[in-house]
Amino acid sequence: MKITARAHTNIALIKYWGKRDEQLFLPMNNSISITLDQFYTTTSVAFRDDLKADSFILNGIEMGGHEVDKISRFLDLIRQTAGRNEYAIIDSVNNVPTAAGFASSASGFAALAAASTKAIGLDYSGSDLSRIARFGSGSACRSIYGGYVEWNKGVRVDGTDSYAMQILEESKWDLSILSVMVEARQKKVLSREGMTHTVKTSDFYSGWLETIDADLNLAREAIHGRDFEKLGTVLERNALKMHATMLGANPPFFYWTGATLDVMHTVQELRDSGIQAYFTIDAGPNVKVICQPKDEMAVKERMQQIQTVREVFVCHPGPGVSYIGE
Ligand SMILES: O=C(O)C[C@@](O)(CF)CCOP(=O)(O)OP(=O)(O)O
């Protein structure tokens, strides 16, 4: 039976940057994110006993090699959990503008986890689904829920207590998340490699871990209190500290380009002019600018005036995973 699921991508406000267990995808620290309304992946899965291997169609193109292997490794876990051995046909469509440079692994693996568990007969939801989506990509475990989400790192060695929970549903606090796309220049260091290298070599990584609980507490208080200035201040500082750990790695590395800095300076100029806007940056040169809906138009127009900005996509808090059709 074919099952279709949809999951939306998320942006971390307090970052996941480093694993304590690479095999079990167990993070060093908790992270907090917002699920976005505009960017999502829709994935259909059908297990069939007449297939000789998994097949993976992404945006209408049959994938091969590394892409299929990644999916099959994840499906092996699903098959093992269900005690089944059939192969599957996976058909995935990313509603993420390619220019957006968004890591669609979070929405991709959350949608795949939801569709494949249901298709194989596992009735997973909530924490069960978040826990198994984590094995696809850490940040995917947060996309199971909508709105404001926290991934609890867990303390158990086997990772059974490492999964995400919703802090506040999407309809309870509307914010504007502007995805500001700039020219990508250098080869992207994937976040998985980047965080592994940082944990292993960065002189600044211990400072990151020492200050993360204070950041998490401030972010939780800000979300519960709908305190935008408090949330913006902590999320911008947290992103800068994450990127600082990379500068302390050996060899150092960084994702920013001149255009990234153009956006960062402009956001700070907006604040100097009285408009509350804050930025966060992940494993790439693009910047996400967060503001209140009342300032969205002014902030978007200012971003579009920056010569080195290619495009600006506007998002708001979005929903958790859902099933479509069947
Ligand atoms: O999203 C965040 O908290 C912060 C980051 O985006 C910063 F770049 C990392 C996301 O890492 P992910 O792709 O989930 O890694 P995986 O577990 O190795 O697949």
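Only the coordinates and a few stated rules stand behind these numbers; no lab work does. Because the structure is predicted, anything quoted here is derived from the model rather than measured. So basically every Cβ, Gly included, is an ideal-geometry build from the backbone, and we count neighbours across all protein chains shown.
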Original post:
For residue 22 and residue 305 in one chain, what is 0.36 nm times their gap in residues minus the Cα-Cα distance, to one decimal in nm?
Top reply: 97.7 nm
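At 222 nm, what value in deg cm²/dmol follows for the chain if DSSP H runs of at least 4 each add -39500 (n - 2.57) and the sum is divided by all its residues, to the nearest 500? Kindly include the intermediate steps, with their values, before the conclusion.
Details: 8 runs with 116 residues, N = 326.
Computed mean residue ellipticity for the chain: -11500 deg cm²/dmol.
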Original post:
Leaving out same-chain residues fewer than 8 places away, which aspartates and glutamates sit with a Cα under 18 Å from that of residue 70?
Top reply: 22, 54, 62, 86, 91, 193
Original post:
How do the peptides 4-12, 217-225, 309-317, 81-89 rank, highest first, by the average count of neighbouring beta carbon atoms within 10 Å per residue?
Top reply: 4-12, 309-317, 217-225, 81-89
Subject >> Above-threshold pairs, the threshold being 21 Å between Cα atoms, out of 19/288; 19/153; 188/300; 172/294 >> reply: 19/288; 188/300
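If you scale each eigenvalue of the Cα gyration tensor by 5 and take the root, what three semi-axes come out for the chain, rounded to whole angstrom and sorted largest first? Intermediate values should be presented prior to the final figure.
On the way: eigenvalues 208, 90, 76 Å².
Each semi-axis is √(5λ); the values are 32, 21, 20 Å.
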Original post:
In degrees between 0 and 90, to the nearest 10, how far off the longest principal axis of the chain does helix 258-272 point, with axes built from Cα atoms?
Top reply: 60 degrees
Subject >> C-alpha long axis of helix 191-201 to longest principal axis of the chain, angle in ° >> reply: 70 degrees
Subject >> Helix 205-224 axis, angle to the chain major axis (alpha carbon atoms, nearest 10°) >> reply: 90 degrees
**OP:** Place the peptides 267-274, 199-206 in order of packing, highest mean first, counting for every residue the other Cβ atoms within 10 Å and averaging per peptide.
**Re:** 199-206, 267-274
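Roughly speaking, what is the stretch gain from residue 240 to residue 276, that is 0.36 nm per residue apart minus the C-alpha to C-alpha distance, in nm to one decimal?
Values: separation 36, 0.36 × 36 = 12.96 nm, distance 1.77 nm.
Using 0.36 nm per residue and subtracting the Cα-Cα distance, I get 11.2 nm.
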Original post:
Taking residue 118 as the anchor, which lysines have their alpha carbon closer than 19 Å to its alpha carbon, excluding any fewer than eight residues away along the same chain?
Top reply: 2
**OP:** Could you tell me whether the stretch 176-315 comes out rounded, prolate or oblate from its Cα gyration tensor? Rule is a ≥ b ≥ c as square roots of the eigenvalues, rounded for a/c under 1.5, then prolate if a/b exceeds b/c, otherwise oblate.
**Re:** oblate
